[in-house]
């Protein structure tokens, strides 16, 4: 057994989401969103490097020593999978491990809106799950893919760096491709995907212009494409996709995106106030004809209003999601206030002045 496995077992027992190992510091874990120290001696660089290299594939060690960064997946069969990131920092090496549950949670277990699982039945188009790092994007996306795997009879192809949730073929054929292990890059894998007869393509992260362009092409040619972006709102996601293209191509991209887009789910995780754990608040945008017209006409600023008037279709603003959680006692008023858009609506629930002195 590797030395680091003891840390993984400990974080699994206490329900930690992340393990932080950094030269010159004690090990730390993130529990319910908060960083906590582990009672363990300060890690020296040589000691930590030995611990990390024990579980890293040889080719990943080589990449790390050449570039100073590397990502890969590690698995303890009886516990969970872990997404690993090694990096260099001032005092030596560092690493962060994110636990990936062995069992994919259902939408009901996550408390997701029923419309989320309906996205799995779409025949084609682009579905995006967005949010900051650590917001549960991968988990929500895995839940949608799992629902498709259980209810459809299709070919699901995932492209990730590294592979996180492992989907066993149930009703669908599921193939996982890991960037740098099974394919050179996201763009190479997406080009190949168009010749691999997929019905559903899941892209772990849409990072650059070429990946986004190929994902749009796939979505517009009869495939259901799902992916993630590091954006915090539905409108911000659309702006980010359009703005990544050169100015002379943006008019064409707006038309292509309007045709391809089916939904944007923007989410943030919050500490639960009613019991241990965290809960997701989600903004949900569905690409109705009105939304498509706003994208084509470059009126993205009006999308927030369209979300408010589209509740009958299953749309939901972030403020409405926060208010529902707050009134149900699931999140703290201060957290809701920090992340809401309309501060005046939430100020009445605070018992003291807000901490953020920049909000005036």
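The values are calculated or read from the model by the stated rules, or taken from the named source; none is laboratory data. These numbers come from a predicted model, not from an experiment. Cβ coordinates were reconstructed from backbone atoms using ideal geometry, including for glycine residues, and neighbour counts include every protein chain displayed.
In the stretch 33-43, what count of residues is obtained for those that are farther than 30 Å from residue 268 by Cβ and in contact with a strand residue (DSSP E or B) (Cβ under 8 Å, 6 or more places away or on another chain)?
The qualifying residues number 1.
Of all residues in the stretch 262-286, those being over 18 Å from the mean Cα position of the chain (by Cα) and surrounded by 21 or more Cβ atoms within 10 Å (Cβ to Cβ) number 1. Got at least one residue in the stretch 45-64 being at pLDDT below 95, touching a helix residue (DSSP H, G or I) at 6+ places or on another chain (Cβ under 8 Å) and assigned to a loop (DSSP other than H, G, I, E, B)? Taking every residue of the stretch 45-64 in turn, none turns out to be at pLDDT below 95, touching a helix residue (DSSP H, G or I) at 6+ places or on another chain (Cβ under 8 Å) and assigned to a loop (DSSP other than H, G, I, E, B). Say whether the condition of being assigned by TED's automatic domain parsing to the domain that holds residue 269, on the phi > 0 side of the Ramachandran plot and part of a loop (DSSP other than H, G, I, E, B) is met by at least one residue in the stretch 137-156. No, the conditions are met nowhere in the stretch 137-156.
Kindly indicate which of 2, 6 is over 21 Å from residue 90 (Cβ atoms), in contact (Cβ under 8 Å) with a residue 24 or more places away in the chain and more than 24 Å from the chain's Cα centre (by Cα).
Details: 6 fails: in contact (Cβ under 8 Å) with a residue 24 or more places away in the chain.
Matching residue, one of 2, 6: 2.
With the condition kept exactly as written, say whether any residue in the stretch 81-88 is crowded, with 19+ Cβ neighbours inside 10 Å, under 16 Å from residue 160 (Cβ atoms) and out of contact with any helix residue (DSSP H, G or I) (no Cβ under 9 Å at 6 or more places or on another chain). Yes, the conditions are met somewhere in the stretch 81-88.
Yes or no, residue by residue, for (1) exposed (fewer than 15 other Cβ atoms within 10 Å of the Cβ); (2) more than 22 Å from residue 166 (Cα to Cα); (3) at pLDDT 95 or above; (4) touching a helix residue (DSSP H, G or I) at 6+ places or on another chain (Cβ under 7 Å):
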{"residue": "93", "(1), (2), (3), (4)": "no, yes, yes, yes"}
{"residue": "114", "(1), (2), (3), (4)": "yes, yes, no, no"}
{"residue": "119", "(1), (2), (3), (4)": "no, no, yes, yes"}
{"residue": "127", "(1), (2), (3), (4)": "no, no, yes, yes"}
{"residue": "130", "(1), (2), (3), (4)": "no, no, yes, yes"}
{"residue": "135", "(1), (2), (3), (4)": "no, no, no, no"}
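For the stretch 310-335, a residue qualifies if it is part of a helix (DSSP H, G or I) and touching a residue at least 24 places away in the same chain (Cβ under 8 Å), and the qualifying residues are 313, 318, 319, 321, 322, 325, 335.
Just checking, which of 56, 80 is free of Cβ contacts under 8 Å to residues at least 40 places away in the same chain and touching a strand residue (DSSP E or B) at 6+ places or on another chain (Cβ under 9 Å)? Even if it seems obvious, please write down each step before you answer.
Numbers: 80 fails: free of Cβ contacts under 8 Å to residues at least 40 places away in the same chain.
So the residue among 56, 80 that is free of Cβ contacts under 8 Å to residues at least 40 places away in the same chain and touching a strand residue (DSSP E or B) at 6+ places or on another chain (Cβ under 9 Å) is 56.
Picking from residues in the stretch 182-200 that are in contact with a helix residue (DSSP H, G or I) (Cβ under 6 Å, 6 or more places away or on another chain) and within 15 Å of residue 212 (Cβ to Cβ), the one that is surrounded by the fewest Cβ atoms within 10 Å (Cβ to Cβ) is 187.
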